[in-house]
Each structure stands twice: as structure tokens, then as C-alpha cells.
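A short write-up of the structure that comes next.
Every read-out reported here was derived from the displayed coordinates using simple, explicitly stated rules and does not represent laboratory data. Bear in mind that the values here come from a model prediction, so they are computed numbers and not experimental data. Here Cβ is always computed from backbone atoms with ideal geometry, including for glycine, and neighbour counts include all displayed protein chains.
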Amino acid sequence: MKIPVVKNILSANDQIAADNRATFDELGVFVVNVMASPGAGKTSVILATTARLPSDVRPGVIEGDLASRIDADTIAARNIPVVQINTGSGCHLDAPMIRAALPQLPLQDIDLLFVENVGNLVCPAEFKLGANLAVVVASAPEGHDKSYKYPGMFAAADAVILNKADLLQVFEFDVDYFRRGIEMVNPDAPFFPISCRTGAGMDAWLAWLLEKRQSFAEDRNQSIVV
Amino acid sequence: MHELPVTEGILKTVIETSERNGARRITAINLVIGELSSIVDDSIQFYFDLLSQGTLAENAALHFRREPTIVICLDCAHRFNATAPLESQCPQCGGAHLQVKGSRDFFIESIEVEDEDTGR
């Protein structure tokens, strides 16, 4: 006897992601899932972004790492509320980990929550966390072929940041080639070349992010969970 | 890399479904996996063989149906299958304007079970 199932294999995770999102929505917290390979500059992008936020947008951070509090300590040093999740050997964050971390954050004092995923261009794309946006950070030293080699990750992005753009020439990074790879899988994702070191490009990224947050605040019916 | 929790999810779902339907044994599990997802068949099979021991699903056959990734050339409309790393040019016209129609889904399509009463 054949029994149809048609159930997403990660539906248990997706359900908890939806619960997380309901919690965030209720408290008016806008959440960004930041994904990248190790060393692309996730923490630097988060810090450079929080440093430029208007005073009425209060940031918070969830840090995901295999081990250590290095990134969390860096963020705490800026007086930003932060909780560290150590995944052990786990290669990605999942929705239950976020759920478990929430009681450790003063969510009522946070308007914009960044979730720094584990450095990895494969698995994090598969696991929804309950965020409003998924942002992928690439960087010049990684090379311009990453969008072709990890299409699943770039397909999952609501926006792609190219960090360390001040080094494009050093690494002979072909931006057009890289962008065509993104456009193949994700033609609508905006693209922001930035440099956390010089601050170049930060204004455009920040304007887009704040506009997304604003449009969500005006229309809570945007139900896509990432 | 994360096939262990994925396999646990598969087992939980198929066992619940079987019990609800009064099945005695699961003989096959039919999975659909989009080529853009990062799931590795062999790794699922490895964890499944371990985790299914002593359950209704022990010795069930895992059938993987791979949903291919299709690339469409926006210049000449040529269509071709692809896997990562993606080609950056159309093999027919050399055009660089390509669009991927692929799926990152992975879901359990159906299971095949033996009935409690008839043993079939």
C-alpha cells in the first residue's frame, strides 16, 4: 500500500521558525539572518551597520559559532545586547537554537536583530530561523566564482553584500562575472559592494535595510519566513 | 553535512504516518530532492541504516528522485541541465545571460507500507 506524504523534510524546523517569527512580530523586532563563508566579514558588516543606525533603531545580535565567544565579546564591547550560540560541530544554526537563545536577549529593547550564522556557504541556506531577511556576505578575497559554486546559498539571499570591495583590484575580482552568477539563480536580489574598512557603499546597504524594515512595520502581512 | 537531523526528520515523519495508517512495516520511502539543495543521498542512507534499526522502517528502501536544475539561456532560449558549479556561458550560443530554474526543496513524497491485517 502506498501512502502519500508530501511533507517537507525540515517541516519540524520550519514550524519552530514560524513560532520564532511570531514572537519577533509581536515585539516588533526585525530580524536579519547573515550568512557567509568564514572570514567574509559577517561580524564586521554587523558592527559597521549597527554603528550607522539611527538612534531610534536599537540593535541586538545572536552570534553562531562552532565554539568560542570571540565574536560575541567583540559585539558586547560596543554595548550591544548579544547572545552566543555555540553549535559544537554543527555547521549551521537552526530554528530551535534561536528559540532557546531568545530568553537571554532583552527583546523589548531591540528593534533590529542580526543573527550571525555559522561560517558556511552550504547548510545555513537550508534551515529557516524565523528571520525577515536573509543576507549573504561575500568578499573579494574569496574569488568571483562563489556564486557559481554555491548556487543554493545565493538563491536563498534577499540581498548580496560584497565586502572588502576596496580590495577588488588586488584579488582581480570580476564583479560582473560574480553578479551574473547571482542573477542566474536570483535575478531580483539587490547587490551591495561595500568596504567595512573604508565605509564605502555602506549608505546604500543601510538605506535598503531600513526601507525593508519600514515597509515591514507598515505591512505585517509579509509572511515570508527565512 | 547536516544529514543526521534530516534523517531523524524523515524517520519521525514516516513512522508517524505509518502508525496513523495502521501499517505493520514500511517497505519503501520515496524522497524528492532538488539539485540545488545540499543533501547527499549516500549520507542519508548511512544514517538511515543506523537510525531505523528496530523501528517500523528498518530495511525500508530509500528511493531518491532528484529534481534537476534547468538553466535557460535568455539569449537563445536553449535549455540544459546543470549541477554546481554552474556554467557561466550557454553551451549553444555562448551567451552569458542565463537563468536557473531549480528547486531547493526536499520532501517526502510517499511511503510504501505493508498492511497490519493482510501483511501486504
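Beta-bridge orientation, chain B: approximately 70 percent antiparallel, per DSSP, counting only bridges with both partners inside.
Of all lysines in the structure, the ones whose alpha carbon falls short of 19 Å from that of B:Lys101, not counting any fewer than 8 places away in one chain, are A:Lys146, A:Lys149.
For the protein assembly as shown, what is the percent of antiparallel DSSP beta bridges, rounded to the nearest 5? Before the final figure, lay out the partial values.
Details: 22 of 57 bridges.
Bridges in the protein assembly as shown that DSSP calls antiparallel: roughly 40 percent.
The Cα-based radius of gyration and maximum Cα-Cα distance (Dmax) for chain B are 18.8, 61 Å.
Per the Debye formula on identical point scatterers at the alpha carbon atoms of segment A:132-226, with no solvent, log10 I(q)/I(0) at q = 0.12, 0.14, 0.24, 0.25 Å⁻¹ is -0.40, -0.53, -1.25, -1.30.
With the charge dipole of the protein assembly as shown set up from +1 on Lys and Arg Cβ and -1 on Asp and Glu Cβ about the Cα centre, the Cα lying farthest toward the positive end among the listed residues A:Leu10, A:Ala131, B:Leu50 is that of A:Ala131. Sorted largest first, the principal axis extents computed over the alpha-carbon atoms of segment A:13-215 equal 45, 35, 34 Å.
Between B:Cys93 and A:Asp174, what's the calculated FRET efficiency when r is the beta-carbon distance and R0 is 25 Å? Round to 0.05.
On the way: r = 21 Å, r/R0 = 0.83.
Computed FRET efficiency for B:Cys93 and A:Asp174: 0.75.
Averaging the sequence gap over all C-alpha pairs within less than 8 Å and six or more residues apart, then dividing by the number of residues, gives chain B a relative contact order of 36 percent.
For a footprinting-style exposure proxy, rank A:Met202, A:Met153 by other Cβ within 10 Å, fewest first. Walk me through the numbers before you get to the answer.
Numbers: A:Met202 19, A:Met153 29.
Fewest to most other Cβ atoms nearby, the residues stand as A:Met202, A:Met153.
Can you pull the Rg over Rh of the protein assembly as shown, Cα-only, Kirkwood? Walk me through the numbers before you get to the answer.
Numbers: Rg = 21.8 Å, Rh = 21.6 Å.
Radius of gyration relative to Kirkwood radius: 1.01.
Here, segment A:38-88 is characterised by an Rg to Rh ratio of 0.97, where Rg is the alpha-carbon radius of gyration and Rh the Kirkwood radius. Considering all different alpha carbon pairs of segment A:146-197, the Kirkwood hydrodynamic radius works out to 11.3 Å. Projecting each Cα onto the charge dipole of segment A:158-204 (Lys/Arg +1, Asp/Glu -1 at the beta carbon, about the Cα centre), which of A:Phe191, A:Gln169, A:Ala159 comes out farthest on the positive side? With unit charges placed on the Cβ atoms, the residue in question is A:Gln169. In chain A, Cα pairs under 8 Å separated by at least six residues give a relative contact order of 25 percent. Put a plus charge on the Cβ of each Lys and Arg, a minus charge on the Cβ of each Asp and Glu, and nothing anywhere else: the dipole of segment B:1-66 about its Cα centre is then about 300 debye. Label sites at A:Thr198 and A:Glu211, each approximated as a point 7 angstrom past Cα along Cα to Cβ, lie 2.4 nm apart.
Report the FRET efficiency, 1/(1 + (r/R0)^6), for B:Leu50 and B:Phe80, where r is their Cβ-Cβ distance and R0 is 25 Å, rounded to 0.05. For B:Leu50 and B:Phe80, the calculated efficiency is 0.10. The simple spin-label model puts a point 7 Å past each Cα toward its Cβ; for B:Arg20 and B:Asp105 those points are separated by 1.8 nm. A Cβ-based charge dipole, computed about the Cα centre of segment A:72-145 with Lys and Arg at +1 and Asp and Glu at -1, lands at about 180 debye. Which residue fluctuates most in the GNM of chain B (Cα springs below 10 Å): B:Ile15, B:Ile44, B:Ile72? Evaluated over chain B, the most mobile residue of the options is B:Ile72. Just how large is the dipole of chain A about the Cα centre, in debye to the nearest 20, putting +1 at every Lys and Arg Cβ and -1 at every Asp and Glu Cβ? Roughly 340 debye, rounded to the nearest 20. Note on the protein assembly as shown: dipole from Cβ charges, positive end direction compared against B:Asn30, A:Ala36, B:Val40; the farthest Cα belongs to A:Ala36.
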